[in-house]
Amino acid sequence: EDPLHLPLGESETIKGGASLLTNQANCPFRAFAIHRLKSEPLPQFRAGFDPLARGIALHLALENFWGIIKSSRALAEFNADALAEQVDASVHIAVRWLQRSFPETMTPAFSELESNRLINLLGSYLLLEKERSPFETLATEQLLEWENGAIKLKLKVDRVDLLDDGTLALIDY
């Protein structure tokens with residue numbers, strides 16, 4: 001018997017996403033505190049919106065973009081103007097979400113700055129996507145569950161691509 005750990009109770013299960021495994025690997029005490037004791041840090045005061053909100057906005061833009069452009073072939077067929085137009089449309093959706101979520105922060109000037117930031121990020125990302133081997137997007141926002149003993153994980157895969165060789169690529173924005 002290992003006296004250094006507390007075994008799970010008969011009715012106790014551990015639930016979580018990929019962060020459960022990350023926390024356990026990085027710091028077992030942190031994993032115990034978060035996933036078994038359900039402890040949470042106190043919220044920090046921030047003016048404006050935090051990096052999480054920026055990440056959500058970028059995620060929304062990418063989700064919208066790949067909901068329209070469903071393959072590397074479709075991406076390659078877009079000329080520069082059409083691609084810029086689709087990126088702008090996807091970024092517009094993300095900026096609208098930020099404006100609804102943070103109306104005090106998202107002034108017209110700040111909205112334009114955030115829009116330009118997202119356009120630049122998407123542009124850089126799409127250059128990388130164009131270098132990949134051919135793919136077709138099979139699914140976006142795919143919910144998966146994985147269970148091993150008392151560990152149950154709920155995962156949300158941002159994008160699932162089918163590659164030419166028949167394998168799958170799981171994309172996490």
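Annotations
- If the segment from LEU143 to ALA82 were pulled out straight at 0.36 nm per residue, it would be longer than the present Cα-Cα gap by 18.8 nm.
- For LYS15, the lysines whose Cα comes closer than 24 Å to its Cα, not counting residues fewer than 8 places off in the same chain, are LYS38, LYS152, LYS154, LYS156.
- Label-reachable residues, segment 146-173, where backbone N falls under 15 Å from a point 7 Å from LEU21's Cα toward its Cβ: 146-158, 170-172
- Accessible surface, per residue, of segment 18-173 when the full set of protein chains is kept, probe 1.4 Å, Å²: 65 Å²
- Spatial separation of Cα centroids for segment 71-90 and segment 5-32, in angstrom: 43 Å
- Loop sites in segment 88-173: trypsin sites (Lys or Arg not before Pro), DSSP, at most 13 other Cβ within 10 Å: ARG132
- Cα-based Rg and Dmax for segment 1-98, where Dmax is the largest Cα-Cα distance (Å): 21.3, 66
- Once the Cα atoms are used to define both axes, helix 51-68 deviates from the longest principal axis of the chain by about 60 degrees.
- Virtual paramagnetic centre 7 Å along Cα→Cβ of ASP172, amide N under 14 Å, in segment 21-35: 21-26
- Selection of chymotrypsin sites (Phe, Trp or Tyr not before Pro), segment 5-85, meeting DSSP coil and at most 13 other Cβ within 10 Å: PHE45
- Derived from the Cα gyration tensor, the three semi-axes of the equivalent ellipsoid of the chain are 36, 25, 11 Å, largest first.
- Using Cβ point charges alone (K and R +1, D and E -1), the dipole size of segment 34-114 about the Cα centre works out to roughly 500 debye.
- Amide N proximity, segment 42-76 versus PHE102 label position 7 Å along Cα-to-Cβ, cut-off under 18 Å: 43-62
The values are calculated or read from the model by the stated rules, or taken from the named source; none is laboratory data. Quick caveat: nothing in here was measured; it's all calculated off a predicted structure. For neighbour counting, all protein chains shown are included, and Cβ atoms are generated from backbone atoms with ideal geometry for every residue, glycine included. Heavy atoms of the whole protein, side chains included, go into the accessibility calculation; ligands, DNA and RNA do not. Shrake-Rupley method; radii C 1.70, N 1.55, O 1.52, S 1.80 Å.
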